[in-house]
Amino acid sequence: MLPKYKRILLKLSGESLMGDSNYGIDPKVITQYAQDIKAVTDLGVQVAVVIGGGNIYRGMNEAETGIERAQGDYMGMLATVINGMAMQSGLERAGMYTRLQSAIKMEQIAEPYIRRRAIRHLEKGRVVIFGAGTGNPYFTTDTAASLRAIEIQADVILKGTRVDGIYTADPEKDPAATRYETITFAEVYQKSLNVMDMTAFTLCQENKLPIIVFDMNKTGNLLHVIMGRNVGTLVKG
């Protein structure tokens, strides 16, 4: 079977890199993610990655910390670059060629984000990791993922989470919650379901970019999604 998607953007949360810890980066998680990504790149799928920074720094209440929102957001952007470097090491250890691009200039460790260069890297089979969000405060890494996916003309955003899709209610709190196989953008709005922040979600809707929410922590799930199997929840239309 041929892959259903040719070019994807994989969005990972920073928290997912913690594994069972309360902070930082679990090498076992990096290794698992790298092996799963290699399985799809071996099929010729072009992969770009955006990772959050919540395992290192999450924006805190300004009134409590004394750190203004913009400053805190920049701190979070730097955390995403650290995570990107860790993922880059894991991917290269698994035998892949990679490029880390940053929306904030830091030439010693990452290329500056240049859209055409990113697309060329993907065409050459390199995994491209986008760090530092959009480079602007007040935007989340979900928004960065949506923006970059549109810019590189990805076929789909794959949002790897701890749950295996979008549910009628929080499955960790409501045992009666059921998973949607497919759902429209309009239905997500109507039901007030938490998929991405509103800016990111609206960007996807306006540009007709589908989103698949799935459990990235289950080995092999990424490959199943790429092959079009019934894994996770597809948001479209």
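The values are calculated or read from the model by the stated rules, or taken from the named source; none is laboratory data. Source: prediction; values computed, not measured. A quick note on method: Cβ atoms are made from the backbone with ideal geometry, for glycine too, and the neighbour counts reach across all protein chains shown. Heavy atoms of the whole protein, side chains included, go into the accessibility calculation; ligands, DNA and RNA do not. Shrake-Rupley method; radii C 1.70, N 1.55, O 1.52, S 1.80 Å.
So which of Arg116, Arg148 ends up being in a helix (DSSP H, G or I) and open to solvent by 30 Å² or more (accessible area, probe 1.4 Å)?
The unique qualifying residue is Arg116.
Do we find that Ala169 is more than 11 Å from the chain's Cα centre (by Cα) and modelled with pLDDT under 95 in this structure?
Taking the combined requirement at face value, the residue satisfies it.
Kindly indicate whether Gly125 is more than 25 Å from Asp26 (Cα to Cα), out of contact with any Lys or Arg (no Cβ under 9 Å at 6 or more places or on another chain) and modelled with pLDDT of 95 or more.
yes
Against the conditions (1) modelled with pLDDT of 95 or more; (2) within 18 Å of the chain's Cα centre (by Cα), where does Arg58 fall short? Just the number, please.
(1)
If a residue counts only when it is in contact with a strand residue (DSSP E or B) (Cβ under 7 Å, 6 or more places away or on another chain), under 18 Å from Lys4 (Cα atoms) and open to solvent by less than 40 Å² (accessible area, probe 1.4 Å), which helices (runs of 4 or more DSSP H) contained entirely in the stretch 158-231 have at least 1 such residues?
Output list reads 221-226.
From the set of residues in the stretch 125-145 that are in contact with a Gly (Cβ under 6 Å, 6 or more places away or on another chain) and assigned to a helix (DSSP H, G or I), which is surrounded by the fewest Cβ atoms within 10 Å (Cβ to Cβ)?
Here the answer is Ala144.
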